[in-house]
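J.: One structure follows; several queries about it will come next.
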Amino acid sequence: MATLKQGDKAPNFTANDQNGQPVSLSDFKGKNVILYFYPKDDTPGCTAESCDFRDNYQSLLSRGFEVIGVSVDDEKSHKKFETKYQLPFTLIADTDHSIVEAYGVWVEKNMYGKKYMGTARTTFIINGDGIINKVIDKVDTKNSSQQVLDLL
């Protein structure tokens, strides 16, 4: 699994969103995309991160960004998460792990001495040509949108 970095072409993908509709990264050609990977719907850190993007969504849109969240949860879980927190952006259900693997964020984790595979919280800023401009691998969940803006 390759580690993607600034200047790399962002891998295209197609997967269903929280409404069961297929979404591809290529649908956003010509737009800047904040593609954020998070471990699990409705957990404290993931909720803080998603709600921060929600709270700053209009500001991000006005700066030309689209926001897309990706986790390995299914469409039903994403729909509940979207509804509960009124998230105004697309959540991709990567149930087969193809996107997290393509982006190199499906990694071995360690909690209380137990090793398991999971999603590394990571944000990719992708330009309109599909090139990765920035990678944030130390995400501040409560200030994730400001982290993006600080890099611009």
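J.: Test residue 76 against the stated conditions and say whether it is in a helix (DSSP H, G or I), open to solvent by 60 Å² or more (accessible area, probe 1.4 Å), without any contact (Cβ under 8 Å) to a residue 40 or more places away in the chain and not small (Gly, Ala, Ser).
T.: Judged against the criteria, residue 76 is a match.
J.: For segment 22-42, enumerate the residues that are open to solvent by 10 Å² or more (accessible area, probe 1.4 Å) and within 16 Å of residue 63 (Cβ to Cβ).
T.: Result: 28, 30, 31, 32.
J.: Can you name the number of the only condition in (1) under 17 Å from residue 125 (Cβ atoms); (2) in contact with a Lys or Arg (Cβ under 8 Å, 6 or more places away or on another chain) that residue 48 fails?
T.: (1)
J.: Select from segment 11-31 the residues that are outside any strand (DSSP E or B) and either among the polar types (S, T, N, Q) or in contact with an Asp or Glu (Cβ under 6 Å, 6 or more places away or on another chain) (or both) and list them in ascending order. Lay out the reasoning, then the answer.
T.: Within segment 11-31, the subset outside any strand (DSSP E or B) is 11-13, 18-21, 25-31.
Answer for segment 11-31, where residues must be outside any strand (DSSP E or B) and either among the polar types (S, T, N, Q) or in contact with an Asp or Glu (Cβ under 6 Å, 6 or more places away or on another chain) (or both): 12, 18, 19, 20, 21, 26, 28, 31.
J.: Only one of these conditions is not met by residue 145: (1) out of contact with any Phe, Trp or Tyr (no Cβ under 6 Å at 6 or more places or on another chain); (2) assigned to a helix (DSSP H, G or I); (3) among the polar types (S, T, N, Q). Which number is it?
T.: Of everything listed in (1) out of contact with any Phe, Trp or Tyr (no Cβ under 6 Å at 6 or more places or on another chain); (2) assigned to a helix (DSSP H, G or I); (3) among the polar types (S, T, N, Q), residue 145 misses just condition (1).
J.: Yes or no: segment 37-47 includes at least one residue that is among the aromatic types (Phe, Trp, Tyr) and assigned to a helix (DSSP H, G or I). Spell out how you get there, then give the answer.
T.: Step one: of segment 37-47, the residues among the aromatic types (Phe, Trp, Tyr) are 37-38.
Restricting the remaining residues to those that are assigned to a helix (DSSP H, G or I) gives none.
Checking segment 37-47: not a single residue is among the aromatic types (Phe, Trp, Tyr) and assigned to a helix (DSSP H, G or I).
J.: Then there is this: Which of the residues that make up segment 110-131 are free of Cβ contacts under 8 Å to residues at least 60 places away in the same chain and either open to solvent by less than 50 Å² (accessible area, probe 1.4 Å) or touching a Pro at 6+ places or on another chain (Cβ under 7 Å) (or both)?
T.: none
J.: Looking only at segment 99-106, decide whether some residue is touching an Asp or Glu at 6+ places or on another chain (Cβ under 7 Å), in a loop (DSSP other than H, G, I, E, B) and surrounded by 14 or more Cβ atoms within 10 Å (Cβ to Cβ).
T.: Of segment 99-106, the ones touching an Asp or Glu at 6+ places or on another chain (Cβ under 7 Å) are 100.
From what's left, in a loop (DSSP other than H, G, I, E, B): none.
No, there is no match, as no residue in segment 99-106 is touching an Asp or Glu at 6+ places or on another chain (Cβ under 7 Å), in a loop (DSSP other than H, G, I, E, B) and surrounded by 14 or more Cβ atoms within 10 Å (Cβ to Cβ).
The values are calculated or read from the model by the stated rules, or taken from the named source; none is laboratory data. As the structure is a computational prediction, the values presented were derived from the model and not from experiment. A quick note on method: Cβ atoms are made from the backbone with ideal geometry, for glycine too, and the neighbour counts reach across all protein chains shown. Areas reflect the complete protein model, heavy atoms only, side chains present, ligands, DNA and RNA absent. Shrake-Rupley method; radii C 1.70, N 1.55, O 1.52, S 1.80 Å.
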